[in-house]
Amino acid sequence: GDKVFFLTGTDEHGTKLFNMAKKEGIEPIEVADRHADRYKVLTGALDISNDDFIRTTEERHKRGAQKLWLELKAKGDIYKAKYAGLYCSGCEAYVLEKDLIDGKCPNHKIAPEYLEEENYFFRLSKYSDKIRELIESDELLILPSARKNEMLNIIGEGLTDVSFSRPKKSLPWGIDVPDDPNHVMYVWCDALSNYITALDYEGAIGEERGNRGALFRQFWPADVHLIGKDILRFHAGIWIGMLLSARLKIPRAIYVHGFITSEGQKMSKTLGNVVDPFDVISKYGVDAVRYYLIREIPTTLDGDFSRARFETLYNTELANNFGNLVNRAFSMTEKYFALKIPAGNVSVECKKAIAYAKKTWSENIEKFDLKAAIEAALALSDFGNRYVEEKKPWKLAKENTESLKNVIVDLLEIVKNLGEMLKIFMPKTADKILSAFQTDGMIKIPSVLFPKLRP
């Protein structure tokens, strides 16, 4: 396959974290450490195959963010001015009064704070037309198209210059602005640059770079930024403007996902409906959790986590569909052929079903519709189970050994392709399936994929 570099991490500066530390009577870095450690453990628990985890409090990030600031300044795109407005600490952004609902931020349900400060600004307005062109032409591809249109509407009246720093007397927690010890960088200016600082952007553009910056040269521009819907305007607006200013290539695509509710409501400690991912993984297994999130929640829309629905899908689709098909195919290979894969030919019918499923799977992955992609795998499994009922191998075992061989070959071919399709979604399950096919032509039956849940 292609050489890839998956990046995740935590952005740790800004008003929200600073206020949290102040409330707890501890240093901001202590709060940042606590949350970063938790997220690192979670990425492992969810079998997320990230190549790096960057924290914006790391020195490598600070150096790269300051280097980028100096590039923007050298282009004449950083200037100082006074600003007054409403600031939402949840969004870490200035908000307009017209966008508030009952005086509160619609995303965070808190009233913004009125701020009047002298800050550094970034000339985002200078790049507004170019950003619109990039989005309209899909040179910067935004999926789904509804989010593309949303961003074009935001740009419609022209992007305005954005505050890019906070005075240290107001917010001492952040990355120092180069050449001005009295200011720290605005959190989004700092956070967005993580995509390149993790690749050693600073080393890549140095005059005497030597062996540094190899990752940046190899993997930038990014093929995809995968983000939540609430931070689209920062990524498709501010970040693209920063890259254009610094004469750096822009990412090829931004994929936008929705939010997850719990039992039909926004997760809230007050409501007691917060879902602890560690508890769910511990009870049902990581692949079951990954399956639910991909299968049940539309990739680009909001979706709901319901324990009752989770258990229904677990039993009907994981245990009774996928698990049942794999068990039947391997068990009949054992019963009729002593675990040796028989010599036979894959039928035209099965070849067509497999080809169609894989084509649908691939097309939907390209379109960033992971739900539809995993449903293509489910459809292939459905076909396999119907095929068993139609061909009745248990009857063929008494009547036609040659036909039985071909049916078992068909079933094993379906199962193997199913394993390949599930690899990116349910890696542990896929590994169990694929490792059952031994190099000596034998089947090694794995443990039960998904033990059925009992009431």
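Miscellaneous remarks
- Test result for G264, surrounded by 15 or more Cβ atoms within 10 Å (Cβ to Cβ) and small (G, A, S): no
- Residues satisfying the stated conditions in segment 273-296, i.e. among the hydrophobic types (A, V, I, L, M, F, W, C) and touching a helix residue (DSSP H, G or I) at 6+ places or on another chain (Cβ under 7 Å): F278, V280, I281, V286, A288, V289, I294
- Identity of the residue in segment 248-269, of a type in the set (A, V, I, L, M, F, W, C) and modelled with pLDDT of 95 or more, that ends up farthest from the chain's Cα centre (by Cα): L248
- All conditions in (1) at pLDDT 95 or above; (2) closer than 15 Å to G237 by Cβ hold for A146, with the sole exception of (2).
- A222 vs. criteria modelled with pLDDT of 95 or more and in contact with a Phe, Trp or Tyr (Cβ under 7 Å, 6 or more places away or on another chain): yes
- Matching strands (runs of 3 or more DSSP E) fully within segment 71-150 where at least 2 residues are closer than 26 Å to K168 by Cα and assigned by TED's automatic domain parsing to the domain that holds V184: 78-88, 93-95, 113-122
- Across segment 151-169, the qualifying residues are those that are basic (K, R) and part of a loop (DSSP other than H, G, I, E, B), and the one among them that is surrounded by the fewest Cβ atoms within 10 Å (Cβ to Cβ) is K169.
- Some residue of segment 117-129 being modelled with pLDDT of 95 or more, basic (K, R), more than 26 Å from the chain's Cα centre (by Cα) and farther than 30 Å from F278 by Cβ: yes
- Listed by first and then second residue, the pairs linking a residue in segment 118-143 that is of a type in the set (D, E, K, R) to a residue that is assigned to a helix (DSSP H, G or I), with Cβ atoms under 7 Å apart and 6 or more places separating them unless they lie on different chains, are K130/L244; R132/L152; R132/I155; E136/L152.
- Taking segment 1-39 as the range and being loosely packed, with under 15 Cβ neighbours inside 10 Å and in a loop (DSSP other than H, G, I, E, B) as the test, the residues that pass are G1, D2, K3, V4, F6, G25, I26, E27.
This table checks each residue for (1) at pLDDT 95 or above; (2) within 24 Å of H257 (Cβ to Cβ).
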residue	(1), (2)
E71	yes, no
D77	yes, no
Y94	no, no
I135	yes, yes
E139	yes, yes
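- Checked against (1) surrounded by fewer than 20 Cβ atoms within 10 Å (Cβ to Cβ); (2) within 23 Å of P167 (Cα to Cα); (3) in contact with a strand residue (DSSP E or B) (Cβ under 8 Å, 6 or more places away or on another chain), D52 passes all but condition (2).
- Those helices (runs of 4 or more DSSP H) of segment 270-351 in which at least 2 residues are modelled with pLDDT of 95 or more, polar (S, T, N, Q) and surrounded by 17 or more Cβ atoms within 10 Å (Cβ to Cβ), considering only elements entirely within it, cover 324-337.
- Of the residues making up segment 68-117, just one is among the β-branched types (V, I, T), more than 13 Å from V162 (Cβ to Cβ) and touching a residue at least 12 places away in the same chain (Cβ under 8 Å), namely I110.
- Residue in segment 95-118 that is crowded, with 19+ Cβ neighbours inside 10 Å, more than 30 Å from K428 (Cβ to Cβ) and small (G, A, S) present: no
- Residue within segment 354-375 that is in contact (Cβ under 8 Å) with a residue 40 or more places away in the chain, hydroxyl-bearing (S, T, Y) and out of contact with any Phe, Trp or Tyr (no Cβ under 9 Å at 6 or more places or on another chain) present: no
- Screening S403 against (1) part of a helix (DSSP H, G or I); (2) at pLDDT 95 or above leaves a single unmet condition, (2).
The values are calculated or read from the model by the stated rules, or taken from the named source; none is laboratory data. Keep in mind it's a predicted model, so treat the numbers as computed, not measured. Neighbour counts run over all protein chains shown; Cβ positions are idealised from the backbone, glycine included.
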